[in-house]
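These notes concern the structure reproduced below.
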Amino acid sequence: MKINYKIPTITAALLAATATTYAQDTIVIDKVVAIVGNKIILQSEVESQYMQAQARNQKTDRCVIFEDLLYQKLLITQAEIDSLEVSDKEVDAELSNRLSGFIDQLGGVEKVEEYFDKPLAEIKENLRDVTKDQLLAQRMRSEITKDIKVTPSEVNNYYKKLPKDSLPLIDMQLEMNQIVFYPQISKSDKETVKKRLLDIKNDVLSGNKKFETMAILYSEDPGSATNGGELGMMSRGELVPEFSTAAFSLKPDSISDVIESEFGYHIIQMIERKGERINVRHILMKPKFNVEAKQKAKQQADSVYKALEDKKLSFSDAAKIFSQDDKTNKNGGLVVNPYTGTSKFSVDQVYPANYYYIKNLEEGQYTRPFETYDDKGNTVFKIIQLKSRVQPHEATIETDYQTIQDMALNEKYKKAYDKWISEKQVETYIKIGSNYKDCNFNYKGWLHNEIKR
């Protein structure tokens, strides 16, 4: 069967594109290394993703990244044909997650900026387009597999055919219940912080101080303080509602009144607005509780602990009645793993200070009250009950059905992807630059256009 190819408007001559010349020295700025449909892949894309992988301590090479980009462009080309889209809100949320990961891996904002040799706001903007493409490719992948399911009999058959040395080793898994007590912050503590922020605002408006200098000195937001409080271009959906409402109402260089969010109190300065995206600076301050408030929280925790010891309350009832953590108190204190959406945690997913107190507990036992932090860094007192502990083991269909089911489903997904890629490689114009023709591709069809038809 003869296939007629529609050559994209981007010609193959682009593959020879280099950069500009200064005096006698030629400096390569960038280079097109592949064309997929009407999409190009630049060498800079490969290098950018290679640097990101290194920042996350992931081992890879440029050929692997290049083939991933080929696959991604193939998915994006089809996604556009099928009119699939991703929103700015989704892109912003993913960007924030990635930057947080870089900050954790490299050890702070300054380390990230040093590694990429750019300020954080610029790194974020530079990653925007590639992040949007990756999310669009993920959406197309979901379309390919959206109707694929596995039945219990398929899971059982898959498990029976698995070689014993292919069974995954399941790490120790823990389930926990908790009761949480917060030291209460007084009205006067809050007013002190609000007054300090208003004083800073007045100093800036009078010309005595610069907003970015005061942010570096006083802001308690570790992600932006070192950058003068600057957040970079953001949409409404990326900001908490109270912050978003105040920020989007500002004019350039104006400063908001003090606003309260779940993170504390802020003042915001507008830098610029482009449509429904803004770049602002902010200074965050968190009210500090006093010694008496901390002592009172500890006393409450001790009182509930005594009631548990005296068998006056079950742990579940105590959590529903006394715990001040809205995420867990309604379900008897059961903690949900934010990474998986289940109640099971591997050891490395448990906050180290918490694990120290529960590591020697038997199932059903609970800790004495101890001081620790919540997910926003606030001081709390906790009583944690070890609900269950599953020791490391080789996966079985009886104890790890979900894991085996996921493996069986992933195998069906892979077959569907392989079939889809093989079909689209034949239907789509693909041109590979000479730099990457010698790569050992998983899918050999990338080079099909090199064969004369």
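Element breakdown for the stretch 290-385 at a 1.4 angstrom probe: carbon and sulfur atoms account for 49% of the accessible area. The modelled label-to-label distance between Ser100 and Asp117, using points 7 Å beyond Cα along the C-beta direction, is 3.0 nm. Across the options Phe248, Gly229, His393, the greatest Cα extent toward the positive end of the charge dipole of the chain (unit charges at beta carbon of Lys, Arg, Asp, Glu) belongs to His393.
Dividing the mean sequence gap of close Cα pairs (under 8 Å, 6+ apart) by how many residues the chain holds gives a relative contact order of 20 percent. Under 5 Å from the amide H of Val33 lie the amide H atoms of Ile41, Leu42, Gln43, each residue being 5 or more positions distant or on a separate chain, with H modelled from the backbone and absent for Pro and chain starts. Taking every C-alpha pair closer than 8 Å and separated by at least 6 residues, the mean separation divided by the residue count of the stretch 140-296 gives a relative contact order of 24 percent. Sorted largest first, the principal axis extents computed over the alpha-carbon atoms of the stretch 350-409 equal 43, 27, 14 Å.
Rounded to the nearest 20 debye, the dipole size of the stretch 64-120 about its Cα centre is 100 debye, using +1 on the Cβ of Lys and Arg and -1 on the Cβ of Asp and Glu. Dipole size of the stretch 251-297 about its Cα centre, with +1 on Lys/Arg Cβ and -1 on Asp/Glu Cβ: approximately 160 debye, rounded to the nearest 20. Of the chymotrypsin sites (Phe, Trp or Tyr not before Pro) found in the stretch 302-367, the ones in coil according to DSSP and having at most 16 other Cβ atoms within 10 Å of their Cβ are Tyr339. Placing a label point 7 Å from the Cα of Asp348 along the Cα-to-Cβ direction, no residue of the stretch 358-375 has its backbone N under 15 Å from that point. Remark: the Asp68-Ser142 segment gains 25.0 nm on full extension, using 0.36 nm per residue and subtracting the alpha carbon distance. Extension gain for Asp310-Ser434 works out to 37.0 nm (0.36 nm per residue, less the C-alpha to C-alpha distance).
In the chain, taking the dipole from charged Cβ atoms about the Cα centre, the farthest positive-side position among Pro352, Tyr50, Gly332 is held by Gly332.
Debye calculation, C-alpha points only, no solvent: report log10 I(q)/I(0) for the stretch 374-453 at q = 0.18, 0.20, 0.25 Å⁻¹, in the same order as the q values. Those come out to -0.89, -0.99, -1.17, one per q. Scalar couplings 3J(HN,Hα) for the stretch 185-202, obtained by applying the Karplus form with A = 6.51, B = -1.76, C = 1.60 to θ = phi - 60°, are 8, 6, 4, 5, 4, 5, 5, 4, 5, 4, 5, 5, 5, 5, 4, 5, 4, 5 Hz; x denotes Gly and Pro.
What shape does the stretch 102-145 take by its C-alpha gyration tensor, where a ≥ b ≥ c are the square roots of the eigenvalues and a/c under 1.5 counts as rounded, a/b above b/c as prolate, and the rest as oblate? Prolate, since a/c reaches 1.5 and a/b exceeds b/c. Accessible surface comparison of Thr131, Thr192, Thr151, probe 1.4 Å, protein chains only, largest first: the order is Thr192, Thr151, Thr131. A dipole drawn for the stretch 351-453 from +1 and -1 charges on Cβ atoms has a positive end, and of Tyr429, Ile404, Phe381 the residue lying farthest that way is Tyr429. Here is the list for the stretch 273-351: GluC sites (Glu not before Pro) lying in DSSP coil, each with at most 12 other C-beta atoms within 10 angstrom of its C-beta, are Glu276.
Among the GluC sites (Glu not before Pro) in the stretch 383-445, those placed in a DSSP loop whose Cβ has at most 13 other Cβ atoms within 10 Å are Glu398.
Within a straight-line Cα-Cα reach of under 22 Å, Lys187 can be paired with the following lysines, leaving aside sequence neighbours fewer than 8 residues apart in one chain: Lys195, Lys201, Lys286, Lys288, Lys294, Lys296, Lys298, Lys376.
Give the shape of the stretch 194-349 as rounded, prolate or oblate, defined through the alpha-carbon gyration tensor: a ≥ b ≥ c are the square roots of its eigenvalues, a/c under 1.5 means rounded, and otherwise the shape is prolate if a/b is larger than b/c and oblate if not. Prolate shape, in that a/c is at least 1.5 and a/b is the bigger ratio. Entry comment: accessible area of the stretch 282-323 is 59 Å² per residue, from protein heavy atoms only and a probe of 1.4 Å.
Think of it as helices only: each DSSP H run of n ≥ 4 in the chain is worth -39500 (n - 2.57), and spread over all residues that comes to -14000 deg cm²/dmol at 222 nm. Taking a point 7 Å out from the Cα of Asn126 in the direction of its Cβ, the residues of the stretch 34-58 whose backbone N falls within less than 20 Å of it are 41-58. Within the stretch 280-413, all pairs of alpha-carbon atoms sorted by distance into 10 Å bins from zero give the percentages 9, 33, 30, 17, 8, 2.
For the stretch 98-230, with all protein chains in place and a probe radius of 1.4 Å, 49% of the accessible heavy-atom surface sits on carbon or sulfur.
Site pair Tyr339 and Tyr373 shows an inter-label distance of 1.8 nm when each label is modelled 7 Å from Cα along Cα→Cβ. Mean separation of Cα pairs under 8 Å and 6 or more residues apart, divided by the residue count, gives the stretch 204-325 a relative contact order of 21 percent.
About the centre of its Cα atoms, the chain shows a dipole size close to 580 debye [charges on the beta carbon of Lys, Arg (+1) and Asp, Glu (-1) only; nearest 20 debye]. Take the alpha carbon atoms of the stretch 44-144, find their radius of gyration, then divide it by 2.2 N^0.38 Å using N residues; give the quotient. Against the compact-globule rule of thumb, the ratio is 1.12.
The values are calculated or read from the model by the stated rules, or taken from the named source; none is laboratory data. Everything numeric in this text was worked out from a predicted model, so none of it was measured. For neighbour counting, all protein chains shown are included, and Cβ atoms are generated from backbone atoms with ideal geometry for every residue, glycine included. Just so you know, the surface numbers come from the protein's heavy atoms only, side chains and all, with ligands and any DNA or RNA stripped out. Shrake-Rupley method; radii C 1.70, N 1.55, O 1.52, S 1.80 Å.
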